[in-house]
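One structure is given below, encoded as structure tokens.
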Amino acid sequence: MQHMTKILPPPTKPSRVSVPVTAEVLAIVERLAKAANMSTGRTIAEWLSDTLEAMELMASTMERARAAPKIVTAELHAMMLGMADQTKELADKYAKFKGPMTGEPDSGGGKRSATPLAGSTAAIPPSCNTGGKVPKMEKTRARGVKSGFPLPPAKVQAHADTNGVTPRAKK
């Protein structure tokens, strides 16, 4: 199958084009523009630039489909079957895993995820030791001992590696 065989001309001064869109499309583009702090036109232009390879593939596929629809249909069908096979392989591979994805199959005492269990109210430490702020825990009523944070920097990652459970001090 052909892919990006045409060499594109060097970039030139952008052309202005009037593009009719529905109110729904415009609303979504305006939301994206506002979130990116850009104009609506620039947002559309960048979106189109980012999807240029996909448009080139679609244009060449449609051109070939006009000339030989049965061949292109067969190619697309074969491509979809290949994608379905790859998806099945991935599903089979990940079916071995139990619980949160950690990169290793469930082996009883394997790695634990850094995310807290559902319903847990434990504070989540930053994902790295870059000095992220973590809220201080209030003193417990029994014995007035602080529980949890702030931990010394070396223990923050250890805390994250223990699934949100504060590491216990050695006796």
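What follows is calculated from the coordinates using simple rules that are stated; it is not laboratory data. Since we're looking at a predicted model, the values are computed, not measured. For neighbour counting, all protein chains shown are included, and Cβ atoms are generated from backbone atoms with ideal geometry for every residue, glycine included.
Site pair Ala65 and Thr87 shows an inter-label distance of 1.8 nm when each label is modelled 7 Å from Cα along Cα→Cβ. Label-to-label distance, Arg16 versus Thr51, with points set 7 angstrom from Cα along the beta-carbon direction: 2.4 nm.
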